[in-house]
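J.: Quick one: this structure, given as structure tokens, is what I'll be asking you about.
The values are calculated or read from the model by the stated rules, or taken from the named source; none is laboratory data. Predicted model only: the values in this text are computed from it and were never measured. Ideal geometry is used to build each Cβ from the backbone, glycine not excepted, and the neighbour counts take in all protein chains shown.
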């Protein structure tokens, strides 16, 4: 074999190596899994699917939802922890995942392992009462709550809803509320309508049909601004209570994911959720139109919740 032929073979081999390296660097190179702890049709599952409407165009790849229910986010965390840290598996997390981690039930995932990508929703808590309640306005309810321990329906003890109820009562100077746990928001609404509890902090979408039917009254929104869906309902700040609580959902990966891929994921997610379809979803479901933010602001919010969540769990004696 001549030197010329050998040279051509060497050049060809080098070109193939360069092409292989370039192909390897392409990201994403396959379907992205979006792991959620919610069942199909749950609020977090719907959020993931609404993001995915315009995401394929942003990423140049398809996305698929992977529903891993159980353990208040532990099953989803465990699944993600077992996948390669290559950016092709992302989590859609809520404060529930973070509380699970803080309580040492995160399937080996620690607080410092969560790397935020982009926030998806800020779903404010709304103080609600049933139509049979004697309290027609927020001020009436607040005044009565200063001398009476109101009975609040919530999800499990130590949940996001539980912490919001206790935090709101403290900030408003109310009697320590009696918390009655239920299986989920739907059960809370049923008991609110039935008069079995005095009040609840719920997301607007959880009681939308009951609010529209007049079976439930929204008294106060625990948000920075009024919600368009219930524009007549004041915020807590408007009546002098500095209380802001919401169910927050956002995308994250686990530590070890390459930084360049984290940046691509952040940019693609923000682009997908800035489109009209996702923004219309936020508006129609009573969520903040300022929900979508990038990595820096979302990570700061994660870190802050981990700090305050640890303090709140300790004060409640929840481990």
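J.: Would you kindly identify the helices (runs of 4 or more DSSP H) lying entirely within the stretch 155-248 that contain at least 3 residues that are in contact with a helix residue (DSSP H, G or I) (Cβ under 9 Å, 6 or more places away or on another chain) and modelled with pLDDT under 85?
T.: By residue number, 160-172.
J.: Let me ask another. Could you check, for the stretch 71-79, whether at least one of its residues is within 17 Å of residue 261 (Cα to Cα), touching a residue at least 24 places away in the same chain (Cβ under 8 Å) and over 16 Å from the mean Cα position of the chain (by Cα)?
T.: Scanning the stretch 71-79 turns up no residue that is within 17 Å of residue 261 (Cα to Cα), touching a residue at least 24 places away in the same chain (Cβ under 8 Å) and over 16 Å from the mean Cα position of the chain (by Cα).
J.: Identify, from the list 271, 237, 263, 276, the residue that is closer than 26 Å to residue 26 by Cα, more than 14 Å from the chain's Cα centre (by Cα) and free of Cβ contacts under 8 Å to residues at least 60 places away in the same chain.
T.: 263
J.: On the given criteria, is residue 116 in a loop (DSSP other than H, G, I, E, B) and either free of Cβ contacts under 8 Å to residues at least 40 places away in the same chain or surrounded by 21 or more Cβ atoms within 10 Å (Cβ to Cβ) (or both)?
T.: no
J.: Exactly one of these conditions fails for residue 160: (1) under 30 Å from residue 27 (Cβ atoms); (2) under 21 Å from the mean Cα position of the chain (by Cα). Give me its number.
T.: Evaluating residue 160 over (1) under 30 Å from residue 27 (Cβ atoms); (2) under 21 Å from the mean Cα position of the chain (by Cα) leaves (1) as the failure.
J.: Restricting to the stretch 24-54, and then to whatever is in a helix (DSSP H, G or I) and under 15 Å from residue 261 (Cβ atoms), can you tell me which residue is modelled with the highest pLDDT?
T.: 25
J.: So how many residues does the stretch 39-65 have that are without any contact (Cβ under 8 Å) to a residue 40 or more places away in the chain, buried (at least 17 other Cβ atoms within 10 Å of the Cβ) and closer than 24 Å to residue 108 by Cα?
T.: Final tally of qualifying residues: 2.
J.: Enumerate the pairs (first residue in the stretch 138-161 and more than 12 Å from residue 182 (Cα to Cα); second residue anywhere and part of a loop (DSSP other than H, G, I, E, B) and at pLDDT below 80) with beta-carbon separation below 8 Å, excluding pairs fewer than 6 apart on the same chain, so at least 6 apart or on different chains.
T.: Listed by first residue and then by second, the contacts come to 158/318.
J.: A further question on this structure: Determine which member of the set 107, 74 is part of a helix (DSSP H, G or I), under 21 Å from residue 309 (Cα atoms) and in contact with a helix residue (DSSP H, G or I) (Cβ under 6 Å, 6 or more places away or on another chain).
T.: Exactly one of 107, 74 is part of a helix (DSSP H, G or I), under 21 Å from residue 309 (Cα atoms) and in contact with a helix residue (DSSP H, G or I) (Cβ under 6 Å, 6 or more places away or on another chain), namely 74.
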